[in-house]
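Below is one structure, written out as structure tokens; comments come after it.
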Amino acid sequence: MPAPASPPVFARLLSELGTEPDTRRRALLDEAREELARIDDVVLDVRASVPGWDKLGYVRAFCSAADKAKPLLATTTNPLLRRLVAKALLRLVPPALLPPPWSTVSSGPAAVLHLDDAVFLRADDQFALRADDAPRIHPSWSAFLTHPGLSEGLLQPRRHEHLLAPRSLSPGAEIAGSAVLVRVEASRGQQAGPNGAPTPEGVLCRVVSSNGSSSSRRLTSEGKDAGEAVVKPEVLRAWLENAGPGARALDLRKTDDRALLVAFLHTLRVRRLDALLAKEMDPDRRFDVVDAVVDAAADTVAQACLDPLACRFCLPDEEWAREAARLLVATGLVVEVWPRTATGASTGGPEPVGARANPQLVWLDSVADAGLVGGSLSALGQARAFARLAVSLLAPLGALPMVGARDGNGVVVTIIGEDVDGIAWQRGPWWVEPAHPLQPVTPLLQAWSEGRGRHLPEPRGAFAHDIKALPEWLGHFVRRAFAPHESTAPIVAGAHESDLRAENP
Amino acid sequence: MKLATAVELRNRTRADAPVVVVVGGPGGAGDLDKRITAAVDGRVELLGVAGADRCKEIKQFLDEAGVDVIPAVLVYARGVLLERSSSIRDARAAAALIAVLPGLSSGS
């Protein structure tokens, strides 16, 4: 069964790229990309035409290509060249040898490690931000956040999909998260609010279960009925405004964050979302656009880089696989890791970790540099990159991120807005996990049922979104980041103190 | 490198001081802990976990931290997991890993 030949033309191009002066590099890059496309065609043809294709053959092709690329890898420090090599090698990794969930994606991670030319070529000036990069965002997209009573309105019945609340509201609720999801049903009691207006003393909530059903009864951890599920509105507001302890804005002194911003703005242009943000829009349509902007941010991160663990070789305990492992180790590009078996996870007991499991082989981070520009970024690093983008540019549009889930693989995003009558609404929350190839953006309830994003940060000790200050922050951020007179002074927008309130007591 | 108990892991990773947790593989952490020790250079507290899932609490800790494979290095500051890696090949990679810690790099 034929395996694709190692790519000699591509290897030659790459070696020339390492030695040619800059003036010739751009043409060579174009040629290398065309060659990469041809390699793609060969690989896809073979995959399409050969059922049960020769995995060992592909590993041999991978090793052969890696050997050809090693001289270049040893001499170049250009992260973009290294990511091109990684992208070519990635074509030769059979999806069947990848860990889940990538093993279930028939095309494998072929579409990742991608930067459009318009972004790729900005590397020449270290992704310096230019005045014409600045996003044009009509004030109406953010101004509603300053409207009085917005937060209170969000807590009214039928104004929200789901709100987060502490697990203690109903410890016995059948839900997998460390918090619970609720819908407010009615107010209970009245008290004087901060401005003298009467506010509810408590709100009666319906606590949502994993299967989507809900109950307004509080259940103890033993499953006993403990009365109505009533919580103070301040608690719900604290969860809504919870930015998490890990919230940080983009630090534009760093090349990676500038590249991320340039790539995100390019994605907005490609998807024509920039034009929508530039004009005033019917408030009822805002949610769809902001939702699409959140998707664009997640996709920008997901397409630009890849988690080295996500594309590791997972070889079965078979004879051909032992030969494949020997070949891969001989390249000098792999390190061995061992899976934590799922046995203990299901039983809750101690497990014989890796005692009998085959080692798995990680290779990407020896080829591609760490970071968004380099292309090698852990799932956690990808989530944090998305989070920085969200804190800087999505929160001022009403897409509030909560950063600091225990595993760090994702970010909770809740979208708030106002309808045409000025009535507040809330959608979500969603779990945004850029490194997940199948469902990077998914409802939090569904994510919990899949075992993702279960351990969320509590508001206490975390940063909180200062919602009313977000429009001002957006203007400040855009001015500082894209001001043309900033050419010599470092552009600093990394301080989260500007847009996030002091930590919750 | 000090091997941590489950209680120490919980408490130290929530403390103000940043901490790096090295999770050993079947044969221990091998050279990984040496590379991390050299990179940390006494600036950050270093905790080790050997035989990663030797008790239920440590297994739970690793589950919550999203550790799928070992060896692994976890970088914490004030209870927030800042980075997680399983392939530290040299001192440079180790240094890059812990550079995400506040105060350890010029950009933080």
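Read-outs throughout are calculated quantities, based only on the coordinates presented, and are distinct from any laboratory measurement. Computed from a predicted structure; not experimentally measured. Counting neighbours? That spans all protein chains shown, and the Cβs are built from the backbone with ideal geometry, glycine included.
Please compute the alpha carbon radius of gyration of region A:272-328, then divide it by the globular-protein estimate 2.2 N^0.38 Å. Two decimals is fine. Present the calculation step by step, with values, prior to reporting the outcome.
Details: Rg = 21.9 Å, N = 57, 2.2 N^0.38 = 10.2 Å.
Rg over 2.2 N^0.38 Å, computed on Cα atoms: 2.14.
Between B:Glu8 and A:Lys279, what FRET efficiency follows from the Cβ-Cβ distance if R0 is 60 Å, with the result rounded to 0.05? All intermediate terms of the calculation are to be shown ahead of the outcome.
Details: r = 56 Å, r/R0 = 0.93.
Step by step, r from the Cβ atoms, then E = 0.60.
Residue by residue through region A:140-152, which ³J(HN,Hα) values in whole Hz follow from phi under the Karplus form 6.51 cos²θ - 1.76 cosθ + 1.60 (θ = phi - 60°), with glycine and proline marked x?
Along region A:140-152, the couplings run 5, 5, 10, 4, 4, 5, 8, 5, x, x, 4, 4, 5 Hz.
On a straight-distance basis, which lysines could pair with A:Lys279 in a cross-link, Cα separation under 24 angstrom, same-chain partners fewer than 8 positions away excluded?
Here the lysines satisfying the reach criterion relative to A:Lys279 are A:Lys468.
To make sure I understand, if each residue's beta carbon is the centre and we count other beta carbons within 10 Å, what order do A:Met402, A:Met281 fall in, fewest to most? It would help to have the intermediate numbers written out before the result.
On the way: A:Met402 31, A:Met281 15.
Exposure proxy ranking, most exposed first: A:Met281, A:Met402.
Taking the alpha-carbon centroid of each part, what is the distance from region B:61-86 to region A:165-186 in angstrom?
The two parts, judged by their Cα centres, are 27 Å apart.
Once fully extended, how much extra length lies between A:Val289 and A:Glu234, figured as 0.36 nm per residue of separation less the alpha-carbon to alpha-carbon distance?
Details: separation 55, 0.36 × 55 = 19.80 nm, distance 2.94 nm.
Stretched out fully, the A:Val289 to A:Glu234 stretch lengthens by 16.9 nm.
Quick one: which residues, 5 or more positions from B:Ile70 or on another chain, have an amide H under 5 Å from its amide H? H modelled 1.01 Å from N in the peptide plane, none for Pro or chain starts.
For B:Ile70, the qualifying residues are A:Trp338, A:Arg340.
With label points built 7 Å along Cα→Cβ from the Cα atoms of A:Ala483 and A:Arg217, find their separation and express it in nm.
Result for the modelled spin labels: 6.1 nm.
I'd like the distance separating the alpha-carbon centroids of region A:361-412 and region A:214-288, in whole Å.
Taking the Cα centre of region A:214-288 as reference, the centre of region A:361-412 is 15 Å away.
Using the Karplus curve 6.51 cos²θ - 1.76 cosθ + 1.60 with θ = phi - 60°, what ³J(HN,Hα) values do you get for each residue of region A:122-133, in whole Hz, with x for Gly and Pro?
5, 4, 4, 10, 6, 6, 4, 7, 10, 4, 7, 6
Sequence neighbours fewer than 8 away in the same chain don't count; with that in mind, list the lysines whose C-alpha is under 19 Å from B:Lys2.
Partners within reach: B:Lys34, B:Lys59.
What does the C-alpha gyration tensor say about the overall shape of region A:168-254? Classify as rounded when a/c is under 1.5, otherwise prolate if a/b is larger than b/c, or oblate. Each step should come with its number before you reach the end.
On the way: a/c = 2.91, a/b = 1.25, b/c = 2.33.
Oblate shape, in that a/c is at least 1.5 and b/c is the bigger or equal ratio.
Figure the gain on full extension for A:Asp67 and A:Leu438 (residue separation times 0.36 nm, minus the Cα-Cα span) and round it to one decimal in nm.
Details: separation 371, 0.36 × 371 = 133.56 nm, distance 3.22 nm.
The span from A:Asp67 to A:Leu438 would gain 130.3 nm if fully extended.
Multiplying the sequence separation of A:Arg188 and A:Leu121 by 0.36 nm and subtracting their Cα-Cα distance, what value in nm do you get?
Values: separation 67, 0.36 × 67 = 24.12 nm, distance 5.93 nm.
My answer for the length gained is 18.2 nm.
Under the definition of partner shielding as Cβ atoms of other protein chains within 10 Å of a residue Cβ, what is the mean value for peptide B:87-95?
For peptide B:87-95, the averaged partner shielding equals 3.
Calculate the mean, over all residues of peptide B:65-75, of how many other protein chain Cβ atoms lie within 10 angstrom of the residue's Cβ. Don't skip to the end; give the middle numbers.
On the way: counts 5, 11, 2, 9, 15, 6, 5, 3, 0, 2, 1.
Counting other chains' Cβ atoms within 10 Å and averaging over B:65-75 gives 5.
Give a quick list of trypsin sites (Lys or Arg not before Pro) in region A:229-325 that DSSP marks as loop, anything other than H, G, I, E or B, with at most 11 other Cβ atoms within 10 Å. Before the final figure, lay out the partial values.
Details: sites: A:Arg237, A:Arg248, A:Arg253, A:Lys254, A:Arg258, A:Arg269, A:Arg271, A:Arg272, A:Lys279, A:Arg285, A:Arg286, A:Arg312, A:Arg322; in loops: A:Arg248, A:Arg253, A:Lys254, A:Arg271, A:Arg272, A:Lys279, A:Arg312.
Those that pass, being in a loop and sparsely packed, are A:Arg272, A:Lys279.
Quote the relative contact order of region A:164-237 in percent (integer), defining contacts as alpha-carbon pairs under 8 Å separated by 6+ residues.
Once normalised by length, the contact order is 33 percent.
Taking amide H positions as placed 1.01 Å from N in the peptide plane, with prolines and chain starts having none, which residues 5 or more places from A:Trp425, or on another chain, fall under 5 Å of its amide H?
For A:Trp425, whose amide H was placed from the backbone, the distant partners under 5 Å are A:Gly417, A:Glu418, A:Asp419.
Using a/c under 1.5 as the rounded threshold, could you call region A:70-136 rounded, prolate or oblate? The axes a ≥ b ≥ c are square roots of the C-alpha gyration tensor eigenvalues, and prolate needs a/b larger than b/c, oblate otherwise. Kindly include the intermediate steps, with their values, before the conclusion.
Numbers: a/c = 3.96, a/b = 1.53, b/c = 2.60.
Oblate, because a/c is 1.5 or more while a/b does not exceed b/c.
Counting only other chains, and only Cβ atoms inside 10 Å, what mean value do you get across the residues of A:307-314? Please report the intermediate quantities before stating the final value.
Numbers: counts 1, 3, 7, 0, 0, 3, 0, 1.
Average per residue, whole number: 2.
Once you put a point 7 Å from the Cα of A:Val105 and another 7 Å from the Cα of B:Arg43, both along the Cβ direction, what distance in nm separates them?
3.4 nm
Tabulate in residue order the Karplus-calculated ³J(HN,Hα) for region A:274-290, using 6.51 cos²θ - 1.76 cosθ + 1.60 with θ = phi - 60°, rounded to whole Hz; enter x for Gly and Pro.
Residue by residue, region A:274-290 yields 4, 5, 5, 5, 6, 10, 6, 10, 3, x, 5, 9, 5, 4, 4, 5, 5 Hz.
Which cross-chain or sequence-distant (5 or more) residues have an amide H under 5 Å from the amide H of A:Leu315, H modelled 1.01 Å from N in plane?
A:Leu361
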